[in-house]
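Engineer: A single structure is presented below for examination.
The values are calculated or read from the model by the stated rules, or taken from the named source; none is laboratory data. Computed from a predicted structure; not experimentally measured. With ideal geometry, Cβ positions are generated from the backbone for all residues, glycine too; neighbour counts draw on all protein chains shown.
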Amino acid sequence: MFSSKSIRTKLSEEADEQFKELNKIVGEEVATGISSSENQTLLRSVKRAIDIIKQNPFAGTQIRKEQIPTKYLLKYDANNLWKLDLSNYWRMLYTVIGSEIEIISFILDIVDHRTYDKVFGYRKR
């Protein structure tokens, strides 16, 4: 499908910090003998999601343009937004940038459900 274009995945500064922090926590858990935790499950889920969008940048659920939070419009000029569900109700939000040569899946955020609801203006019922 995308054989004529290279596909790359990049992380925003925020997503990179979140990913590094999660890696650090999991590393500490493994060093202390913890072999299974929610953090480890989440890290595997994030890595799996990154692999998925490296294969198909459009694998996630597309967010309607009118629902794209202003935060992403202003900070990243994201005129498209995609969501991949992760373990434990976390979400990975990314935008797809393309040219004739390559496609870049730019990961904007890795957020828990509460933060996701807050960013999108959803309220508890």
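Engineer: Which of (1) surrounded by 13 or more Cβ atoms within 10 Å (Cβ to Cβ); (2) of a type outside the set (Asp, Glu); (3) modelled with pLDDT of 95 or more does Asn56 not meet, given it meets every other one?
Structural biologist: So Asn56 meets the others, but not (3).
Engineer: Quickly run through region 13-52 and pick out the residues that are of a type in the set (A, V, I, L, M, F, W, C), without any contact (Cβ under 8 Å) to a residue 40 or more places away in the chain and over 19 Å from Phe106 (Cβ atoms).
Structural biologist: Of everything in region 13-52, those that are of a type in the set (A, V, I, L, M, F, W, C), without any contact (Cβ under 8 Å) to a residue 40 or more places away in the chain and over 19 Å from Phe106 (Cβ atoms) turn out to be Ile25, Val26, Val30, Ala31, Ile34, Leu43.
Engineer: Right, another one. If Thr41 passes every condition in (1) in a loop (DSSP other than H, G, I, E, B); (2) over 22 Å from Gly98 (Cβ atoms); (3) hydroxyl-bearing (Ser, Thr, Tyr) but one, which one does it miss?
Structural biologist: Here Thr41 meets the rest and fails (1).
Results for (1) among the aliphatic types (A, V, I, L, M); (2) crowded, with 21+ Cβ neighbours inside 10 Å; (3) without any contact (Cβ under 8 Å) to a residue 12 or more places away in the chain; (4) farther than 17 Å from Lys47 by Cβ, shown as yes or no for each residue.
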{"site": "Ile68", "(1), (2), (3), (4)": "yes, no, no, yes"}
{"site": "Leu93", "(1), (2), (3), (4)": "yes, yes, no, no"}
{"site": "Val96", "(1), (2), (3), (4)": "yes, no, no, yes"}
{"site": "Ile104", "(1), (2), (3), (4)": "yes, no, no, yes"}
{"site": "Leu108", "(1), (2), (3), (4)": "yes, yes, no, yes"}
{"site": "Asp112", "(1), (2), (3), (4)": "no, no, no, yes"}
{"site": "Thr115", "(1), (2), (3), (4)": "no, no, yes, yes"}
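Engineer: Does Leu81 satisfy being within 19 Å of Asp109 (Cβ to Cβ), touching a Ser or Thr at 6+ places or on another chain (Cβ under 7 Å) and either modelled with pLDDT under 95 or surrounded by 11 or more Cβ atoms within 10 Å (Cβ to Cβ) (or both)?
Structural biologist: So Leu81 passes the test.
Engineer: So, one more: For the condition at pLDDT 95 or above and among the β-branched types (Val, Ile, Thr), what is the one hit in Thr115, Thr61, Thr70?
Structural biologist: After ruling out the rest, the residue left standing is Thr61.
Engineer: Give the residue, chosen from Glu17, Glu102, that is acidic (Asp, Glu) and touching a Ser or Thr at 6+ places or on another chain (Cβ under 7 Å).
Structural biologist: Every option except Glu102 fails the conditions.
Engineer: What is the number of the single condition among (1) over 12 Å from the mean Cα position of the chain (by Cα); (2) exposed (fewer than 12 other Cβ atoms within 10 Å of the Cβ); (3) part of a helix (DSSP H, G or I); (4) not aromatic (Phe, Trp, Tyr) that Asp51 does not meet?
Structural biologist: Among (1) over 12 Å from the mean Cα position of the chain (by Cα); (2) exposed (fewer than 12 other Cβ atoms within 10 Å of the Cβ); (3) part of a helix (DSSP H, G or I); (4) not aromatic (Phe, Trp, Tyr), the lone unmet condition for Asp51 is (1).
Engineer: In the set Lys10, Lys65, Lys75, which member is under 18 Å from Leu108 (Cβ atoms) and under 15 Å from the mean Cα position of the chain (by Cα)?
Structural biologist: Exactly one residue qualifies, and that residue is Lys10.
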